[in-house]
Amino acid sequence: MKISNFAAYIAAIVTIGGVSSCATSDIPREEHNVVTQVTWQEAKANTEKEALEIAALIPKDKITSIVQKETGVLLSCSKTEHNWNGSTSITLAEGSEAESVVKELETAARAHFTDHRFEVSSDRTIQGTFRVEISDPATSEMYLIREDDPGVIRIASGSPCFTLPEGTYPGGDF
């Protein structure tokens, strides 16, 4: 999903900490690959690992801390599919300007993700904040990066969609 469609999409769904679902309502079935072989725990671990890899693209001298939220939520991709959503916050060193850092991150991500799995795009939010989306259109995995609070960059992440074991209630923290 391209960022131009993403803004309207994000406004249409409930978000937790700026994280969006991989709802399939506007993704044709044949284009939406469900990763059924992973558990929610594996989806979470893989997504958190990727978010840290993205955060590592920021020069270390511009960072004072990186904190991943301990829990996230499961959002529906369809009636039977969910994805894990969480966030990583990067506090910038004094004197580091968030928009410049996010723009540098966009350039670094384009150079880093050369295997064509991820697409990297950018735009501005309705509030004018510069943001970068790193997404895998084959699985709906995505990372949305922008300044959250002054001096803090947030990576909102969503795992590929997967099927929960029967009887697993998708509400609450995961």
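The values are calculated or read from the model by the stated rules, or taken from the named source; none is laboratory data. Bear in mind the structure is a predicted one, so any value in this text is a computation, not a measurement. Neighbour counts are summed over all protein chains in view; Cβ atoms, including those assigned to glycine, are modelled from backbone coordinates with ideal geometry. With ligands, DNA and RNA removed, areas are computed over all heavy atoms of the protein, side chains included. Shrake-Rupley method; radii C 1.70, N 1.55, O 1.52, S 1.80 Å.
Summary of values
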quantity	calculated
In Å², nearest 10: area of T139 left accessible to a 1.4 Å probe	20
Cα-centre dipole for the stretch 50-98 with unit charges at Cβ (Lys and Arg positive, Asp and Glu negative), debye to 20	140
Segments 74-84, 119-129, 44-54, 150-160 sorted - mean Cβ within 10 Å per residue, highest first	150-160, 74-84, 44-54, 119-129
Convex hull volume per residue in cubic angstrom - Cα atoms of the stretch 113-174	135
Cα-based convex hull volume of the stretch 66-112 per residue, rounded to whole Å³	115
Residues of type lysines that K49 reaches as a straight line, Cα spacing below 16 Å, ignoring anything fewer than 8 places off in the same chain	K69
Candidate residues Y169, Y143: accessible-area rank, largest first, probe 1.4 Å	Y169, Y143
